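Have a look at the structure below, then the notes.
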Amino acid sequence: MTHCCLLRADLSDLFVSVQGEGPLVGVRQVFVRFAGCNLACSYCDTDFSARLHLDWKGIYDFVAESLPVHSVALTGGEPLLQVRFLLQLLPALKDLGVRVYLETNGTLPNQLSEVAHFLHWVATDVKLPSVAKVPPQWKVHEEFVRQVPDGVNLIVKVVVSEEVSEEDRERFEALLLQVDRDMIIVLQPVWGREKETVPLLLDWQRRLLRIFPHEVRIVPQVHRCLGVE
Ligand code: SF4
């Protein structure tokens with residue numbers, strides 16, 4: 001493969017581990033952790049500073065040497081901030097025959113539309129302002145989820161603490177009603193506050209199951225229990 005201008009991604013890390021969140025918990029993946037994020041969530045403890053600068057071939061070689069893995073996880077930070085680089089990397093991963101799992105904060109719909117056809121899963125965080133302490137993103141989240149093609153598995157995740165407001169729960173349910181397609185909904189407790197959040201999570205799971213024909217799962221961050229990245 002040749003490219004007229006070879007871009008280098010700003011990465012904070014590149015490693016093999018097990019997926020610790022959502023419905024793919026436990027699978028072995030190569031994690032490509034992109035540097036930089038356009039949000040600043042209150043519970044974020046990810047170090048997404050730039051420490052590696054690799055072109056697509058550097059990542060391709062690492063993935064090829066790491067096989068067999070279930071898939072490649074693009075995570076961050078926010079991977080879609082580097083969409084021009086993704087347009088060089090993703091065709092190469094497709095040639096290699098590995099599937100791609102995108103973890104995103106769901107706020108860059110135009111960038112998603114450029115790469116969506118390369119993806120097998122889109123795991124979208126929907127930010128609840130009462131928990132994440134960021135400005136409301138409802139409109140952009142809705143636009144984003146609409147950009148996920150039918151053939152791509154959609155996972156919609158919310159991070160929940162006991163601080164969640166009733167308004168945010170209602171806005172989240174309204175968002176799901178607007179987006180009429182298959183998806184898996186994941187309720188993830190804030191790390192370290194699982195026990196106090198369980199009653200609320202069980203209550204909300206029941207309420208969501210009454211409204212939606214989707215899977216609704218409560219999944220804590222399993223990789224942290226294992227002490228891995
Ligand atoms: S969107 Fe994700 S990476 Fe960005 S600040 Fe929020 S939790 Fe951290």
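The values are calculated or read from the model by the stated rules, or taken from the named source; none is laboratory data. All of these numbers come straight from a predicted model, not from anything done at the bench. Cβ coordinates were reconstructed from backbone atoms using ideal geometry, including for glycine residues, and neighbour counts include every protein chain displayed.
Scanning for something more than 17 Å from Pro23 (Cβ to Cβ) and either at pLDDT 95 or above or polar (S, T, N, Q) (or both), does the stretch 176-192 turn up at least one residue?
For the stretch 176-192, residues more than 17 Å from Pro23 (Cβ to Cβ) and either at pLDDT 95 or above or polar (S, T, N, Q) (or both): present.
Quick one: how many residues across the stretch 156-171 are among the aliphatic types (A, V, I, L, M) and more than 24 Å from Asp182 (Cβ to Cβ)?
Number of matching residues: 1.
Does Gly192 satisfy the criteria of being closer than 20 Å to Val122 by Cα and not basic (Lys, Arg)?
no
Of everything in the stretch 159-171, what is part of a loop (DSSP other than H, G, I, E, B) and charged (D, E, K, R)? Give them in sequence order.
Glu162, Glu163
Return yes when Gly36 is in contact with a Ser or Thr (Cβ under 8 Å, 6 or more places away or on another chain) and at positive phi and no when it is not.
No: the conditions fail for Gly36.
Would you mention how many residues in the stretch 178-229 are under 21 Å from Ser130 (Cβ atoms) and in a helix (DSSP H, G or I)?
Residues meeting the conditions: 17.
Where the second residue is surrounded by 12 or more Cβ atoms within 10 Å (Cβ to Cβ) and part of a strand (DSSP E or B) and the first is free of Cβ contacts under 8 Å to residues at least 12 places away in the same chain and lies in the stretch 209-229, which pairs have Cβ atoms under 6 Å and are six or more apart or on separate chains?
Cβ pairs passing all conditions: Leu209/Val216.
Considering only residues that are of a type in the set (Phe, Trp, Tyr) and within 16 Å of the ligand (Cβ to nearest atom), look in the stretch 9-55 and name the one that is nearest to Pro136 (Cα to Cα).
Only one residue tops the list, namely Tyr43.
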